[in-house]
Ligand SMILES: *Cc1c(COP(=O)(O)O)cnc(C)c1O
């Protein structure tokens with residue numbers, strides 16, 4: 001069957017929840033993907049901030065193959081070595097004390113919300129606790145994660161979601177204070193907003209939130225699903241300012257393609273929240289998924305992936321700002337590390353489609369922002385190639 005026939009079959013069989021680009025991807029190598037016809041694409045999407053180490057990484061692939069031959073799944077009622085090794089490495093990388101492995105970002109958020117609710121319940125026995133989240137945030141598509149996602153378009157049809165959630169403005173401390181009361185159990189935010197438009201939280205805002213949470217015994221929850229795992233030039237984005245959360249979520253690049261996420265917490269929260277029987281998952285933390293996370297974390301440390309981001313990402317920023325200076329249709333540059341965006345004065349769909357034609361994969365964040373979340377191993381040369389294709393597309397349109 002050819003590519004077109006496969007696409008027709010996909011449209012007949014799959015639920016229509018995505019407007020997919022009209023290519024069938026077949027394999028990858030480094031920062032390149034290839035479709036069924038063998039056409040090559042420079043990938044500045046990375047499976048949406050997932051494939052940090054590049055495709056077809058032999059060491060990573062071999063680790064998975066070895067684990068497949070050994071043991072793929074047991075129940076969480078037994079211990080397994082990859083989960084133990086991955087948990088130790090993740091504790092070290094994150095500075096948090098306890099790990100619960102999940103299968104996705106959304107599930108990590110569910111766990112984080114449950115932990116916060118249980119912590120508050122243990123304190124006062126009430127069941128009417130409130131959460132403060134941010135406008136333009138994105139935390140996933142399950143009911144709890146959706147309830148704290150600050151985009152009414154995603155939420156509306158599915159209400160009622162979990163109650164009561166207030167939405168404040170990122171980097172506007174007064175907008176948070178307005179909603180704080182004795183029922184507030186958690187404040188949830190992404191240290192750098194991803195889907196909502198590559199907006200970083202300021203040091204001032206995070207410092208004020210930390211102080212407020214300490215004073216009122218509210219739990220500060222950072223969603224590091226997209227901005228974590230080295231993407232901002234720090235293993236986790238909060239480490240840039242040293243403002244530590246009480247609970248943190250991770251996923252996306254954690255398994256580099258194998259579905260694995262985690263929520264983590266400090267010892268203080270762990271000792272006063274979820275306990276035996278409170279939470280569980282069949283697949284979460286299984287040996288195959290955690291072998292992926294373990295190998296990813298090993299490679300990150302040994303190959304200095306985070307340092308590479310810190311050295312190389314400013315070059316991307318410089319290039320993108322150069323484009324902004326040159327083309328009046330680009331209104332704004334946003335983001336840090338390999339989590340940057342350009343806001344245009346028009347919908348970016350046509351630019352992304354033109355880039356695809358020319359062998360460059362890009363993705364949007366909202367209608368008017370192109371988001372750059374490449375594999376973290378991209379080089380200056382890859383950045384030059386990307387920019388020259390993007391520039392051609394902008395000129396043509
Ligand atoms: C992608 C994302 C999620 C949801 O992760 P899934 O694995 O798709 O469930 C949650 N939070 C942030 C910040 C994300 O970018």
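The values are calculated or read from the model by the stated rules, or taken from the named source; none is laboratory data. Since the model is a prediction, treat every value here as computed from it, not as a measurement. Every residue, glycine among them, receives a Cβ derived from its backbone with ideal geometry; neighbour counts consider all protein chains shown.
Quick notes on this structure:
- Qualifying position, being more than 14 Å from residue 116 (Cα to Cα) and more than 15 Å from the chain's Cα centre (by Cα), among 242, 255, 261: 242
- Some residue of segment 305-328 being over 29 Å from residue 90 (Cβ atoms) and in a loop (DSSP other than H, G, I, E, B): yes
- Restricting attention to segment 362-388, the residues being buried (at least 18 other Cβ atoms within 10 Å of the Cβ), touching a strand residue (DSSP E or B) at 6+ places or on another chain (Cβ under 7 Å) and part of a helix (DSSP H, G or I) number 2.
- Subset tally (residues that are farther than 13 Å from residue 356 by Cβ, part of a loop (DSSP other than H, G, I, E, B) and under 23 Å from the mean Cα position of the chain (by Cα)) for segment 20-38: 1
- Apart from one condition, residue 365 fits all of (1) in contact with a helix residue (DSSP H, G or I) (Cβ under 8 Å, 6 or more places away or on another chain); (2) in contact (Cβ under 8 Å) with a residue 24 or more places away in the chain; (3) over 16 Å from residue 25 (Cβ atoms); the exception is (1).
- Residues in segment 319-329 that are touching a residue at least 60 places away in the same chain (Cβ under 8 Å) and more than 22 Å from residue 381 (Cβ to Cβ): 2 in all.
- Of the residues making up segment 78-114, those that are away from the ligand (no atom under 16 Å from the Cβ) and within 16 Å of residue 245 (Cα to Cα) are 90, 91, 92, 93, 95, 96, 97, 98, 99.
- Positions within segment 172-204 being more than 16 Å from the ligand (Cβ to nearest atom), in contact with a helix residue (DSSP H, G or I) (Cβ under 9 Å, 6 or more places away or on another chain) and closer than 26 Å to residue 114 by Cβ, in sequence order: 176, 177, 180, 182, 183, 184, 185
- Restricted to segment 214-241, and to residues there that are closer than 18 Å to residue 148 by Cα and more than 12 Å from the ligand (Cβ to nearest atom), the residue that is surrounded by the most Cβ atoms within 10 Å (Cβ to Cβ) is 219.
- Output for segment 281-318, where each listed residue is over 30 Å from residue 58 (Cβ atoms) and either at pLDDT below 95 or not assigned by TED's automatic domain parsing to the domain that holds residue 84 (or both): 317, 318
- So residue 219, is it within 24 Å of residue 51 (Cα to Cα) and either within 21 Å of the chain's Cα centre (by Cα) or not assigned by TED's automatic domain parsing to the domain that holds residue 109 (or both): no
- Members of segment 331-361 that are in a loop (DSSP other than H, G, I, E, B) and more than 14 Å from residue 316 (Cα to Cα): 345, 346, 347, 348, 358, 359
- Considering (1) touching a residue at least 60 places away in the same chain (Cβ under 8 Å); (2) under 22 Å from residue 187 (Cα atoms); (3) within 14 Å of the ligand (Cβ to nearest atom); (4) touching a strand residue (DSSP E or B) at 6+ places or on another chain (Cβ under 6 Å), the lone condition that residue 270 does not fulfil carries the number (3).
- Candidate set from segment 242-257 (those that are within 12 Å of the ligand (Cβ to nearest atom) and within 13 Å of residue 95 (Cβ to Cβ)); member that is surrounded by the most Cβ atoms within 10 Å (Cβ to Cβ): 250
- Only listed residue being outside the structural domain of residue 342 (by TED's automatic domain parsing), under 27 Å from residue 370 (Cα atoms), touching a strand residue (DSSP E or B) at 6+ places or on another chain (Cβ under 9 Å) and surrounded by fewer than 24 Cβ atoms within 10 Å (Cβ to Cβ), chosen from 129, 136: 136
- Restricting 106, 93, 52 to residues that are assigned to a loop (DSSP other than H, G, I, E, B) and under 22 Å from residue 373 (Cα atoms) narrows the list to 52.
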